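Okay, so here's the structure we're looking at.
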Amino acid sequence: MKIALLNEKILFQKSAVVSDAIGNRKDSWEDYYSCFATIGGEGGNEKSEAGQTVDDASITFSVRYCSQLVDIMSTGFRILFRGEIYNILSVDHRNYKKKSLKFRCEKARR
């Protein structure tokens, strides 16, 4: 992996349940880990859902291996990149060689 290609900063967020002063629980997102990544495969297609045209953008993030990222799964985590939210679809451990990780994501609809 060429270090020079790791030129974009991304932020991993983790889903958490928080309680307020009277015990109500709600879901929230907490910052988990920030690192630099190589962005690839940005593209996608448009499709029609419920009478609306929806952009189905997909993207990949390749990062260096580290112990904080090993536990990341496709559920309960998301990635922030340039102000956009991306849901993680799959995690590729690259043959478990402990050199890099690749996250395949799609843009979250708001």
query = Any idea which residue in the range 59-102 is nearest to the chain's Cα centre (by Cα), counting only those that are polar (S, T, N, Q) and either under 14 Å from residue 41 (Cβ atoms) or part of a strand (DSSP E or B) (or both)?
reply = 87
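Might you let me know whether the range 30-41 holds any residue that is out of contact with any Pro (no Cβ under 9 Å at 6 or more places or on another chain), closer than 18 Å to residue 101 by Cβ and modelled with pLDDT under 85?
Step one: filter the range 30-41 for residues out of contact with any Pro (no Cβ under 9 Å at 6 or more places or on another chain), giving 30-41.
After this cut, where a residue has to be closer than 18 Å to residue 101 by Cβ as well, the list is 32-41.
Pick out the ones that are also modelled with pLDDT under 85 and you get 41.
Yes; the residues of the range 30-41 include at least one that is out of contact with any Pro (no Cβ under 9 Å at 6 or more places or on another chain), closer than 18 Å to residue 101 by Cβ and modelled with pLDDT under 85.
The values are calculated or read from the model by the stated rules, or taken from the named source; none is laboratory data. Please read these numbers as outputs of a predicted model, since none were measured by experiment. Please note: Cβ atoms are built from the backbone with ideal geometry, for glycine as well, and neighbour counts cover all protein chains shown.
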